[in-house]
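Q: My structure is below; once you've seen it, I'll send some questions.
The values are calculated or read from the model by the stated rules, or taken from the named source; none is laboratory data. As the structure is a computational prediction, the values presented were derived from the model and not from experiment. Neighbour counts are summed over all protein chains in view; Cβ atoms, including those assigned to glycine, are modelled from backbone coordinates with ideal geometry.
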Amino acid sequence: MASYFEDLTKVFDVSLMTFGSTNSIAVALENIDAPTNTATPYLASYMLLADTEQADLGFSEQRGGIYQVDINYASVKGSASINKMADKLNALYRAGVSFSRNDICAEVQSVSLGPLIVQNGWAKRPLTINFLAFTKRL
């Protein structure tokens, strides 16, 4: 049996974990504790899926969705570090890039950067990655 939800989440989670390791920033995936000390910047990820739609030739179904990455730095650091990290993430998840795992393929449609939110010593800016995911036909 295919593992649709797990594979689709891992399509993005695995690339984000590799990105975090390469760029020396902590990553808190869904249901994993985030750093509480503002001295440790981190990325937090969330998967938001739309309903499944019947697809056409070549795919058995498709689903749109959002993979959101919140970029978190200490609020006293200003916005430059956050914006630089957003640029690096945008280079990884740029429109037109595809990621796959098993029978799942996700293609990035667009990337946008949300407003800076300051709360409890943290400055957070959400990066929204809109994608379409497809399941290969058997």
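Q: With a cut-off of at least 1 residues that are of a type in the set (Val, Ile, Thr) and crowded, with 19+ Cβ neighbours inside 10 Å, name the strands (runs of 3 or more DSSP E) lying wholly within segment 85-138. So that I can check it myself, show each step before the final result.
A: Values: elements: 98-101, 104-113, 117-119, 122-136.
Because the criterion is at least 1 residues that are of a type in the set (Val, Ile, Thr) and crowded, with 19+ Cβ neighbours inside 10 Å, the strands (runs of 3 or more DSSP E) in segment 85-138 that meet it are 104-113, 122-136.
Q: If you don't mind, another one. Can you give me the number of residues within segment 15-36 that are modelled with pLDDT of 95 or more and not in a strand (DSSP E or B)? Let's see the steps before the verdict.
A: Within segment 15-36, the subset modelled with pLDDT of 95 or more is 15-29.
Still in the running and not in a strand (DSSP E or B): 15-25, 29.
Looking only at that region, the number is 12.
Q: Can residue 82 be described as surrounded by 13 or more Cβ atoms within 10 Å (Cβ to Cβ), over 18 Å from residue 131 (Cα atoms) and out of contact with any helix residue (DSSP H, G or I) (no Cβ under 8 Å at 6 or more places or on another chain)? I'd like the intermediate steps shown before the answer.
A: Working: surrounded by 13 or more Cβ atoms within 10 Å (Cβ to Cβ): yes; over 18 Å from residue 131 (Cα atoms): yes; out of contact with any helix residue (DSSP H, G or I) (no Cβ under 8 Å at 6 or more places or on another chain): yes.
Here the answer is yes, as residue 82 does meet what is asked.
Q: Also, quick follow-up: For residues that are buried (at least 19 other Cβ atoms within 10 Å of the Cβ) and not polar (S, T, N, Q), scanning just segment 1-12, find the one that is farthest from the chain's Cα centre (by Cα).
A: 8
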